[in-house]
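The values are calculated or read from the model by the stated rules, or taken from the named source; none is laboratory data. Predicted, not measured: the structure shown is a model, and the values here were computed from it. Here the Cβ positions follow ideal geometry from the backbone for every residue, glycine too, while neighbour counts run over all protein chains shown. Each accessible area value is taken on the protein alone, full model and side chains, heavy atoms only, with ligands, DNA and RNA left out. Shrake-Rupley method; radii C 1.70, N 1.55, O 1.52, S 1.80 Å.
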Amino acid sequence: MFNFSSSLKIYLGFLLFMVCGIVVAASNQEQSAQVKASRYIYCNVYAGTVCFGISGGDELTMSLPIDFTIYDLTLPHSVKVRVYLGYNPKMDIFESAKPCGSEVEATQCRYVTSTSKWDILYAGKGTQPFVHIHIEGEGNDARQVVHDFLGNFRPCSREGASIKCTDKRIFAAID
């Protein structure tokens, strides 16, 4: 014999399941739009004394030559980035550099820009290694990518076996 009450419960359960699925899908699309609107997320790459964020689709390679670390990145709009972390950066580049106007206290924070290149030098307090960021990219879209990328650098320090990063932006004033 056909049980109408049981069939109705199954049907209503199925409808509830479908509605929940639609709500979750809409929520995921909204989150995806928010991520795309703010291209870079808070720190997901930890480079000793600094951290920075990269987004899905960005390319990152890391190499550890003798006594320094290099991060090579490819960002949207053909923006190429090299982040050097070590004690011997190319200082001659920064002879006519401007101060960063950073939100953090630093031993060094200077930058040089041209229409398609950026060189930034940063060293936190004390005897921390230098961070030299070299960026190349052309056009207004590339400038926005660079601005977003630089805006996410944060200072970090070691605390035992962990790394603690602050919410202060190192390169807040660099265009």
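Odds and ends about this structure:
- Close contacts from region 71-85, counting a first residue that is closer than 15 Å to residue 117 by Cα and part of a loop (DSSP other than H, G, I, E, B) and a second that is open to solvent by less than 40 Å² (accessible area, probe 1.4 Å) and not polar (S, T, N, Q), with Cβ to Cβ under 6 Å and a gap of 6+ residues or different chains, come to 77/142; 77/145.
- Yes/no for residue 112 being of a type outside the set (Ser, Thr, Tyr), on the phi < 0 side of the Ramachandran plot, in a strand (DSSP E or B) and open to solvent by 20 Å² or more (accessible area, probe 1.4 Å): yes
- Residue check for residue 168: within 25 Å of residue 64 (Cβ to Cβ), open to solvent by 80 Å² or more (accessible area, probe 1.4 Å) and touching a residue at least 40 places away in the same chain (Cβ under 8 Å): no
- Residue match in region 50-60 (condition: under 21 Å from the mean Cα position of the chain (by Cα), surrounded by fewer than 18 Cβ atoms within 10 Å (Cβ to Cβ) and at pLDDT 90 or above): yes
- Candidate set: region 88-109, residues that are farther than 24 Å from residue 65 by Cβ and open to solvent by less than 80 Å² (accessible area, probe 1.4 Å); chosen: the one modelled with the lowest pLDDT: 102
- Filter result (open to solvent by 60 Å² or more (accessible area, probe 1.4 Å), over 14 Å from the mean Cα position of the chain (by Cα) and among the polar types (S, T, N, Q)) within region 137-161: 140
- In region 29-48, the count of residues that are open to solvent by less than 50 Å² (accessible area, probe 1.4 Å) and modelled with pLDDT of 90 or more is one or more.
- Filtering region 115-142 to residues that are among the aliphatic types (A, V, I, L, M) and in a strand (DSSP E or B) leaves 120, 121, 123, 131, 133, 135.
- In region 124-138, the residues that are modelled with pLDDT of 90 or more and of a type outside the set (Asp, Glu): 129, 130, 131, 132, 133, 134, 135, 137
- Residue check for residue 131: closer than 13 Å to residue 172 by Cα and touching a residue at least 60 places away in the same chain (Cβ under 8 Å): no
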